Amino acid sequence: MYLTLCEACSNKCIGLLRNFKLGINRCYHSENVFGFKKKYKSVHQALEELPFNNLENDTKIRLATDLLKSQSFDNFLAKKFAGVKRYGGEGAESMMAFFSEIFQLAAQDSIEQIVLAMPHRGRLNLLTGMLNFPPVQMFAKLKGNPDFPDNYQATGDVLSHCKAVNPVSMGKTRAKQMLSKDGDYGNNSRWSDKVINIQVHGDAAIIGQGINQECLVLSGTPHFEIGGSIHLVVNNQLGFTTPAERGRSSRYCTDLAKIISAPVIHVNGDYPENILKVTKLAFDYQRKFRKEVFIDLNCFRRWGHNELDDPTFTNPALYSVIRSRQTVPDLYSEKLITDGILTEEDRKQIVNGHYDWLNEHLKAVEHYQPQDVSFKKQWEGFIQPEDVITTWDSGIDIDLMKFVGSKSVQYPENFEIHPTLLKTHVKNRLSKVAEGANIDWSTAEALALGSLLFEGRVTWEKCIFGANGFVVAYIRPYENHSN
């Protein structure tokens, strides 16, 4: 069952939310499945309280500063690197409100590490604006200079983008949780007490690429659980040149969240203060339930898919509207000036100061040398591969191989195994391992991965149940199904 906020609130609350221009219009939930009724009520109660959560003036000034700096950065690149694809954040500057708030909330909650997966849109703004990535290093890259010192045989690309980063970020989060004894790896700890995962998506990519569905389906299962990711969808309502109505059959790009009954909060990017508020709501939800939560940031893309594309070729009506409107940073800063919170001089100092700072970094490119930043901290002790072909003896002792093979099909005494599995899987494998001949694919796989497990070099969950009788790594009792 899916209820709109209007159906869930009183008429008084409806009018208040409309007047407040809060861009939240729907929260998905499943009423009585796995405790989601409790989660649903928690979200809607918080939604009703949002209009009363007024921001301090210092917070508003910080917010305006972040937006103006992001815009200044894009303007700087547009002037200095006019022929470079930079995938700027113009039209989606309000995402900086999300990042600013989520980082502060994480620090206040004593979270030690954040693993962030992000596509191309606005990535350079975030790197230089909040993540302390040196602009001089980025400008050197944009000029075609090498990323690494001359003695390194490597390259990197801060401009690339691919949804394949999402499962990588989840796996990296899980690995960091293991190292920090987070979640089930520690004592009396919940998942993501110390390490949290944040994923940023584009509207076309999240609904259009199957890897997102796979990640969500596995997000709450054993060996993949990380305590729920916080998802930000930068919804600029276009996938390259494809409008939403031609790119999906669902109403929302975030309808994918329904498969795990995750709450989705829709917010209008024209109102940056609301983005701060729903970011806190999403963060509080994740901290309370340790489950996935989504923010759908409705915004726009001022230029084409990249700055070298002309979007008026394919979307003339839409871009006629976009080109005629002011930017979000200008609109919000002007509102603060009207309210007496910010002055025009303050705004000029923020914009010009950031522009001058970027210009100093650009001048420094002439003398910039890539820094030796590899093989530090947890990678200390690792070295680059040599310029020779090395051959390793990766074989294992035959007795160990037979041991691993027998253990791969071992089962307890008085365990009633399926007769077919006993004959075709267990006895057949034991015979092949003993003879050392006619090793089938699944036995070879079990021997390879089992030997790595024996050496403590890998954890493995390939397949539990196999319908074909030979790719089986987990056996249940044939008669007693309780175990």
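Scan the stretch 202-234 for residues that are closer than 22 Å to Glu93 by Cβ and either of a type in the set (Val, Ile, Thr) or at pLDDT 95 or above (or both) and report the count.
6
For the stretch 255-285, which residues satisfy the criterion of being of a type in the set (Val, Ile, Thr) and open to solvent by less than 20 Å² (accessible area, probe 1.4 Å)?
The answer is Val264, Ile265, Val267, Ile275, Val278, Thr279.
Please go through the stretch 97-116 and pick out each residue that is surrounded by 21 or more Cβ atoms within 10 Å (Cβ to Cβ) and modelled with pLDDT under 95.
none
Looking only at the stretch 437-458, decide whether some residue is modelled with pLDDT of 85 or more, among the charged types (D, E, K, R) and open to solvent by 60 Å² or more (accessible area, probe 1.4 Å).
For the stretch 437-458, residues modelled with pLDDT of 85 or more, among the charged types (D, E, K, R) and open to solvent by 60 Å² or more (accessible area, probe 1.4 Å): absent.
I need the full set of residues from the stretch 39-60 which are of a type outside the set (Gly, Ala, Ser) and in contact with a helix residue (DSSP H, G or I) (Cβ under 8 Å, 6 or more places away or on another chain), in order please.
Lys39, Val43, His44, Leu47, Glu48, Leu50, Pro51, Asn53, Leu55, Thr59, Lys60
Can you tell me which of Ala175, Ala164 is closer than 29 Å to Glu245 by Cβ and of a type outside the set (Asp, Glu)?
Only one candidate qualifies: Ala164.
May I ask you to list the residues in the stretch 300-333 that are modelled with pLDDT of 95 or more and in contact with a Gly (Cβ under 7 Å, 6 or more places away or on another chain)?
Val328
Taking into account only those residues within the stretch 412-427 that are in a helix (DSSP H, G or I) and touching a residue at least 24 places away in the same chain (Cβ under 8 Å), which is surrounded by the most Cβ atoms within 10 Å (Cβ to Cβ)?
Checked the stretch 412-427; the qualifying residue surrounded by the most Cβ atoms within 10 Å (Cβ to Cβ) is His425.
Pairs only if they're at least six apart or on different chains, beta carbon under 8 angstrom, first in the stretch 115-142 and over 15 Å from Gln71 (Cβ atoms) and touching a residue at least 40 places away in the same chain (Cβ under 8 Å), second part of a helix (DSSP H, G or I) and among the small types (Gly, Ala, Ser); list them, first residue then second.
Val115/Ser169; Leu116/Ser169; Ala117/Ser169; Pro119/Ala205; Val136/Ala364
Among the listed residues Ser169, Ser192, Ser229, identify the single one that is touching a residue at least 12 places away in the same chain (Cβ under 8 Å) and more than 10 Å from the chain's Cα centre (by Cα).
Ser192
Considering only residues that are over 18 Å from Pro477 (Cβ atoms) and open to solvent by 60 Å² or more (accessible area, probe 1.4 Å), which ones fall in the stretch 402-411?
The answer is Lys402, Phe403, Lys407.
Got at least one residue in the stretch 59-79 being part of a loop (DSSP other than H, G, I, E, B), open to solvent by less than 30 Å² (accessible area, probe 1.4 Å) and charged (D, E, K, R)?
no
Collect the residues in the stretch 230-246 that are open to solvent by 50 Å² or more (accessible area, probe 1.4 Å) and out of contact with any Lys or Arg (no Cβ under 9 Å at 6 or more places or on another chain), keeping them in residue-number order.
Once the filter is applied, which keeps residues that are open to solvent by 50 Å² or more (accessible area, probe 1.4 Å) and out of contact with any Lys or Arg (no Cβ under 9 Å at 6 or more places or on another chain), the stretch 230-246 yields Phe240, Thr241, Thr242, Glu245, Arg246.
Can you tell me which residue is most open to solvent (accessible area, probe 1.4 Å) among those in the stretch 178-189 that are more than 15 Å from Ile114 (Cβ to Cβ) and not hydrophobic (A, V, I, L, M, F, W, C)?
This residue is Asn188.
Pick out the one residue from Leu63, Leu105 that is in contact with a helix residue (DSSP H, G or I) (Cβ under 8 Å, 6 or more places away or on another chain) and closer than 23 Å to Trp357 by Cβ.
Checking each option against the conditions leaves just Leu63.
Among the residues in the stretch 270-277, are any of a type in the set (A, V, I, L, M), in contact (Cβ under 8 Å) with a residue 12 or more places away in the chain and either in a helix (DSSP H, G or I) or closer than 29 Å to Phe300 by Cβ (or both)?
Checking the stretch 270-277: at least one residue is of a type in the set (A, V, I, L, M), in contact (Cβ under 8 Å) with a residue 12 or more places away in the chain and either in a helix (DSSP H, G or I) or closer than 29 Å to Phe300 by Cβ (or both).
Please pick out the residue among Leu142, Leu67, Leu55 that is under 25 Å from Ile198 (Cβ atoms) and under 27 Å from the mean Cα position of the chain (by Cα).
Exactly one of Leu142, Leu67, Leu55 is under 25 Å from Ile198 (Cβ atoms) and under 27 Å from the mean Cα position of the chain (by Cα), namely Leu67.
Any idea which of (1) in a helix (DSSP H, G or I); (2) over 13 Å from the mean Cα position of the chain (by Cα); (3) buried (at least 17 other Cβ atoms within 10 Å of the Cβ) is the one Ala175 doesn't satisfy?
With respect to (1) in a helix (DSSP H, G or I); (2) over 13 Å from the mean Cα position of the chain (by Cα); (3) buried (at least 17 other Cβ atoms within 10 Å of the Cβ), Ala175 is out only on (3).
Quick check: anything in the stretch 340-355 open to solvent by 30 Å² or more (accessible area, probe 1.4 Å), in contact with a strand residue (DSSP E or B) (Cβ under 7 Å, 6 or more places away or on another chain) and either outside any loop (DSSP other than H, G, I, E, B) or free of Cβ contacts under 8 Å to residues at least 12 places away in the same chain (or both)?
no
Determine the pairs where a residue that is within 16 Å of Ile341 (Cα to Cα) and touching a residue at least 12 places away in the same chain (Cβ under 8 Å), located within the stretch 63-75, has a partner that is among the aliphatic types (A, V, I, L, M) and outside any helix (DSSP H, G or I) with Cβ atoms under 7 Å apart, the partner being 6 or more residues away or on another chain.
Hits for this filter: Ala64/Leu342.
In this structure, does Ser374 turn out to be in contact (Cβ under 8 Å) with a residue 60 or more places away in the chain, over 30 Å from Leu68 (Cβ atoms) and of a type outside the set (Asp, Glu)?
For Ser374, the condition - in contact (Cβ under 8 Å) with a residue 60 or more places away in the chain, over 30 Å from Leu68 (Cβ atoms) and of a type outside the set (Asp, Glu) - is met.
Among the residues of the stretch 325-356, what is the count of those that are within 33 Å of the chain's Cα centre (by Cα) and not acidic (Asp, Glu)?
Residues in the stretch 325-356 being within 33 Å of the chain's Cα centre (by Cα) and not acidic (Asp, Glu): 17 in total.
Does the stretch 179-199 hold any residues that are in a loop (DSSP other than H, G, I, E, B) and on the phi > 0 side of the Ramachandran plot, and which are they?
Lys181, Asn188, Ser192, listed by residue number.
The values are calculated or read from the model by the stated rules, or taken from the named source; none is laboratory data. This one's a predicted model, so the numbers in the text were calculated from it and none came from an experiment. So basically every Cβ, Gly included, is an ideal-geometry build from the backbone, and we count neighbours across all protein chains shown. Heavy atoms of the whole protein, side chains included, go into the accessibility calculation; ligands, DNA and RNA do not. Shrake-Rupley method; radii C 1.70, N 1.55, O 1.52, S 1.80 Å.
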